[in-house]
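Enquirer: Let me begin by handing over the structure; questions about it come next.
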Amino acid sequence: QYGVKLSLHHHHNNPVMYREDFDIFFDRAREGSVGLTVDTAHLVKSGITDIAEVIRSFGHVIDNFHMKDFEQGEWRVLGQGAIDFGPVFGAIREIGYSGWISADEESGGGVMEGMKTCYSYLRNGLKS
């Protein structure tokens, strides 16, 4: 009625962080009551290596993406960490997603330089 919707934004070391947690949570949530914000780096930090599988499995509830890279325990600028975003971009296109995709830049480097790099990386990856 007011245009407000809940979206689960999972994080490492929080109640929904392992792959099986997503199944349990969304099996019990009333359909349409809550969406899913996919945070790529937090998935990897929680031990989930097949991000594309999560996207395909939960595409019907995904309403936001926080795209962030990760390597050796540290957040990285997109494309400068260990996450293979090719399958991620492919899965996003496959589910026909057209909502918010945010560059979640927490690497600690220069903000403007990091955001420019993230924007270019997202633009190129999503159009492929």
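Only the coordinates and a few stated rules stand behind these numbers; no lab work does. Keep in mind that what you see is a predicted model, and the values were worked out from it rather than measured. Quick reminder, even Gly has a Cβ in these numbers, built from the backbone with ideal geometry, and neighbours come from all protein chains shown.
Enquirer: Out of residues 5 or more away from residue 62 or on other chains, whose amide H comes under 5 Å of its own, with H placed 1.01 Å from N in the peptide plane?
Expert: Result for residue 62 returns 36.
Enquirer: How far apart, in nanometres, would the label points at residue 74 and residue 98 be if each is projected 7 angstrom from Cα along the Cα-to-Cβ direction?
Expert: Placing both labels 7 Å beyond Cα along the Cβ direction yields 4.0 nm.
Enquirer: Of [x] 12.4; [y] 10.1; [z] 8.3, which is the value of mean projected area of the Cα convex hull in nm² derived from the coordinates here?
Expert: It is the one labelled [z].
Enquirer: Can you count the Lys pairs in the chain whose Cα atoms are under 24 Å apart, with each pair 8 or more apart or on different chains? Walk me through the numbers before you get to the answer.
Expert: Working: 5/68; 45/68; 68/116; 68/127; 116/127.
The result is 5.
Enquirer: Let me ask another. Give a residue-ordered list of calculated ³J(HN,Hα) values for segment 61-77 (Karplus: 6.51 cos²θ - 1.76 cosθ + 1.60, θ = phi - 60°; whole Hz; x for Gly, Pro).
Expert: Karplus-based 3J(HN,Hα) across segment 61-77 equals 10, 5, 10, 6, 10, 10, 8, 8, 9, 8, 6, 6, x, 10, 5, 10, 4 Hz.
Enquirer: Quick check on the chain: of the DSSP beta bridges with both residues there, what percent are antiparallel, nearest 5%?
Expert: 20
Enquirer: Once R0 is set to 30 Å, what does the formula 1/(1 + (r/R0)^6) return for the Cβ-Cβ distance between residue 53 and residue 115, expressed as a FRET efficiency to the nearest 0.05?
Expert: About 0.55, to the nearest 0.05.
Enquirer: Also: With angles folded into 0 to 90 degrees, how steeply does helix 111-127 sit against the dominant principal axis of the chain? Use alpha carbons for both and round to 10.
Expert: On a 0 to 90 degree scale, this one is about 60.
Enquirer: Related question: Check residue 39: other-chain or 5+ apart residues with amide H under 5 Å from its amide H, H built from backbone geometry?
Expert: Long-range HN contacts for residue 39: 10, 66.
Enquirer: Please give the helix 19-28 orientation as an angle from the longest Cα principal axis of the chain, in degrees from 0 to 90, rounded to the nearest 10.
Expert: Between helix and principal axis, roughly 40 degrees.
Enquirer: Going toward the positive end of the dipole of segment 32-128, with +1 on Lys and Arg Cβ and -1 on Asp and Glu Cβ, which of 109, 82, 124 do you reach last?
Expert: Result: 124, furthest along the dipole toward the positive end.
Enquirer: Can you tell me the dipole magnitude for segment 1-112 around its Cα centre, using point charges on the Cβ only (Lys, Arg +1; Asp, Glu -1), in Debye to the nearest 20?
Expert: Working: 9 positive and 17 negative charges, 56 e Å.
The calculated dipole for segment 1-112 is roughly 280 debye.
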